[in-house]
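Take a look at the structure below.
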């Protein structure tokens, strides 16, 4: 029986190659995701381990060092006397303190240096050498000297002998002479694209520990055990071996690669999901074609389960071969992606390729999916009666009632899960509930596609029926609703996913635009361009802007995002020098109390936040600032809920307790009739000495807010491209089969005068209709999905719903192109058909 | 009878046609120097045992297959040497086909199948003519039915209507009754006869059934790739009688060419 199976497979090579491609693609992406994650982790760990070479122990504050900021309270530092104690421990050969943190350095363009601004600042000491290699010049010897990394030189446009201005959140600007340039071991310019600047220890402490003689960590060399060191110092400090510290440090860096890995795993799983349809379809087709052969096998005594086994064996062979090929290609793709991630996001990190054991899961997925998908067609095959061998194969279309009812039920289950997942009814399982709901809904909709195909194909086909061959193509597309539906489903799922995301992005843009247009009463906005940190500017600048003749009003915003607490719970705080004006610009309104002259111990909060914490007008609430000060503040105003003004507002006198006591944003109202562009230029002049912020008009502001989403949306299209490949394979498969099945029909048409061109057009129209059907359905489902999510997020601020018209048009056009491409080979086959063979009898 | 008419034009003619398949040892010569004329307005049957070359002859005459040597004309048009496009146009405009089975497109109704050649050509079929054929074939009640809803005989009658719909110079019928019961077969043959007598249609029919051949004006016997007998005004008995002595005919034909 196996022999017969294998021989049969050998005679259907083309179809097998096409089916295998789908499995290969799915397996490839899953494997690549695993490999990317493992490779990046290994590569990052390797580099970090390099950095810790020769360090035997590390002493850090017992509290979470991740909370460390430029002006960290001394509780998060290791004082200088601990360093002295450690140096005295038996077996300690050397110990140095590390001072590091974020420093803003100004490049020759007047703006902050580095793509990942700010720059990493640290103290250059004996420990620094080894991993850091001086390439040119020398180490800083005086407080006015610095050595910078090679990446810093590249990004800043400054070099040895130049003067660089640097400052931190807590220290004023100072000028430094660049006396040296260093690279990282392995001849790298940076670890991951970051810029670095190193000072003397005293200067680093002035910038980063508010001048205190303290360190972020102490690095120890020698054979002293971690216990010995720990015994010598207070329990407030944690002692780790060099390896432990290295692993901890690597984890943070690997996170970027992890995210990439998840994205590709997602793509891989979608590819696998989509290929399930393709595999089911192909095997159904193979079984249909082999009906007489299978009937003959049954007639000469093969048992039902032998027939099932024969089909499953075929699936297993495809699954194994395709999965192995997929795994191999996955290794290549994973390596390529690792190089790409490394060069774009990690500053040229050397890649150490890793193929983890988990990559073998891709094999299991590939084989499992292929065999499982073949079960239904296999069981169907066993139902072929022996007598079918003696008859001309006739496959009357089956009624669609059962499949439609099942589809409705499954779609409903999926829909309920989606809604439950979105509405927090599933708690922590919300996201997985939502995602599995989407998956189940897709299966349900797929079951519904045959019934939907009838009216939709007729409708789409009507557009195509301008020629007679087009009309025949349309009729052919509607001939086998199940096959048309399952073929279109692959495209439907992919288009639905990308349309869903595009719909959400469009809705978000619409919401942002609405908010800006209807709620923001300002014409110009001063804010930072950098995404990673909180850019601020000097408070004096606000006064200068207000003083401009054409400026009517200026709203300002101070923020505290680190470690402030309201009533014991971490909460961001906001403040404005003139809350009344600012609220006016933000179209904020007061529900209760008053915000005029907010008293020093006053507090304004929006309604729903107040409700959440159970506070009301007149209540007194303890507010703790990041610098440790706690004040009892009285709620003197309750604001109406509004996205732009929601939050806890304190009096301007409290700003001095903020981590960064500088304004983050300013909103400028230009006087009526004044030229906005002219005012923008004036503000630009005022901001010339403010490296962290720029002034933009409202249109640019919206573009900036939504720009990152466009990048996200662009990268999601990769998913579509992937699905398109699989969809093309699926459509080719179906069309080739149709041409085969209708050989006689084509022969007849050609005999009575259909030209080759007409035959080609007929197949092409069928192909385009199938693809358009998939795309239209996918767009509809995607819009539904996007709408559901938008409705669920309306409370969170996603108030507008918008359709991504540009993408919808692109997807429809893509469907037509896919249809045309997929039809090329089958149409050529139909056109080249030998009329004589086609009409000859057996 | 129309065969008696003295002014007879030739609808189809073959001149010295050779056709072989395969090469070397496996070569099979299907037609050996066949020359034959089919008069317009006549109903001719081509008979012969399996492998005699009767289907090949019909395919060559109809422009479905190419000849190795010799020439074929449909009316004044030389078929030999035409490219695929010209052949397709020739088949569309000047030839009607009736096959043994699978004559109809399952997606189209009976009426759409009848007007299929015109639709392919992008022209409109002559409605009066179509009406007349449909009436003659008694298909008026079945026009909106799909082929699967028709009996075998009805399907073949639709195929006949389609073959005549464009008023072709010649209709080639390849075993048109091969798949039908006797009664349905007789209906189809009667219609073919009628179309010759009443509409002056030229018909060339390949068959192995002496009863079917008896409807024709003339029977051409083929054996071993050669024409071995040309019989006018056949009856079933005459045909059966001829077939009984077929071995002798073949032997004689071989002797002649040797």
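Overview of results
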read-out: Meets criteria (closer than 29 Å to residue A:106 by Cα and not assigned by the TED database to the domain that holds residue A:119) for residue A:603; value: no
read-out: Conditions (1) within 14 Å of chain B (Cβ to nearest Cβ); (2) without any contact (Cβ under 8 Å) to a residue 12 or more places away in the chain; (3) assigned to a helix (DSSP H, G or I); number of the one not met by residue A:707; value: (1)
read-out: When residues of region B:7-43 are limited to those that are at pLDDT 90 or above and not in a strand (DSSP E or B), the one surrounded by the most Cβ atoms within 10 Å (Cβ to Cβ); value: B:42
read-out: Test: residue in region A:487-507 that is closer than 22 Å to residue A:284 by Cα, touching a residue at least 60 places away in the same chain (Cβ under 8 Å) and either within 14 Å of chain B (Cβ to nearest Cβ) or surrounded by fewer than 23 Cβ atoms within 10 Å (Cβ to Cβ) (or both); value: no
read-out: Residues (in contact with a helix residue (DSSP H, G or I) (Cβ under 8 Å, 6 or more places away or on another chain) and over 24 Å from residue A:101 (Cα atoms)) located in region A:210-236; value: A:229, A:232, A:233, A:234
read-out: Count of region A:609-641 residues which are more than 22 Å from residue A:562 (Cα to Cα) and outside any strand (DSSP E or B); value: 9
read-out: Out of A:446, A:516, sole residue that is assigned by the TED database to the domain that holds residue A:745 and either assigned to a helix (DSSP H, G or I) or at pLDDT below 85 (or both); value: A:516
read-out: Single residue of A:729, A:769 found to be within 14 Å of another protein chain (Cβ to nearest Cβ) and more than 21 Å from residue B:104 (Cα to Cα); value: A:769
read-out: Any pair with Cβ under 6 angstrom, 6 or more apart, that starts in region A:742-754 at a residue that is free of Cβ contacts under 8 Å to residues at least 60 places away in the same chain and at the interface with chain B (Cβ under 7 Å from one of its Cβ atoms) and ends at one that is part of a helix (DSSP H, G or I) and crowded, with 23+ Cβ neighbours inside 10 Å; value: A:752/B:117; A:753/B:88; A:753/B:91; A:753/B:117
read-out: All positions within region A:464-481 that are in a helix (DSSP H, G or I) and touching a helix residue (DSSP H, G or I) at 6+ places or on another chain (Cβ under 6 Å); value: A:464, A:468, A:469, A:470, A:472, A:473, A:474, A:476, A:477, A:481
read-out: Qualifying residue in region A:269-279 (condition: farther than 15 Å from residue A:20 by Cα and assigned to a helix (DSSP H, G or I)); value: yes
read-out: Residue match in region B:66-83 (condition: within 12 Å of another protein chain (Cβ to nearest Cβ) and at pLDDT below 90); value: yes
read-out: Count of residues meeting criterion [closer than 19 Å to residue A:733 by Cα and surrounded by fewer than 24 Cβ atoms within 10 Å (Cβ to Cβ)] in region A:450-472; value: 1
read-out: Of residues in region A:565-586 being assigned to a loop (DSSP other than H, G, I, E, B) and within 33 Å of the chain's Cα centre (by Cα), the one surrounded by the fewest Cβ atoms within 10 Å (Cβ to Cβ); value: A:572
read-out: Among (1) at pLDDT 90 or above; (2) within 14 Å of another protein chain (Cβ to nearest Cβ); (3) exposed (fewer than 14 other Cβ atoms within 10 Å of the Cβ) - the single one residue B:161 does not satisfy; value: (3)
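Yes/no per residue for (1) assigned to a helix (DSSP H, G or I); (2) within 12 Å of chain A (Cβ to nearest Cβ); (3) in contact with a helix residue (DSSP H, G or I) (Cβ under 8 Å, 6 or more places away or on another chain):
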{"residue": "B:45", "(1), (2), (3)": "no, no, yes"}
{"residue": "B:86", "(1), (2), (3)": "yes, yes, no"}
{"residue": "B:103", "(1), (2), (3)": "no, yes, yes"}
{"residue": "B:135", "(1), (2), (3)": "yes, no, no"}
{"residue": "B:144", "(1), (2), (3)": "no, no, yes"}
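The values are calculated or read from the model by the stated rules, or taken from the named source; none is laboratory data. These figures come from a predicted structure and were not determined experimentally. Cβ coordinates were reconstructed from backbone atoms using ideal geometry, including for glycine residues, and neighbour counts include every protein chain displayed.
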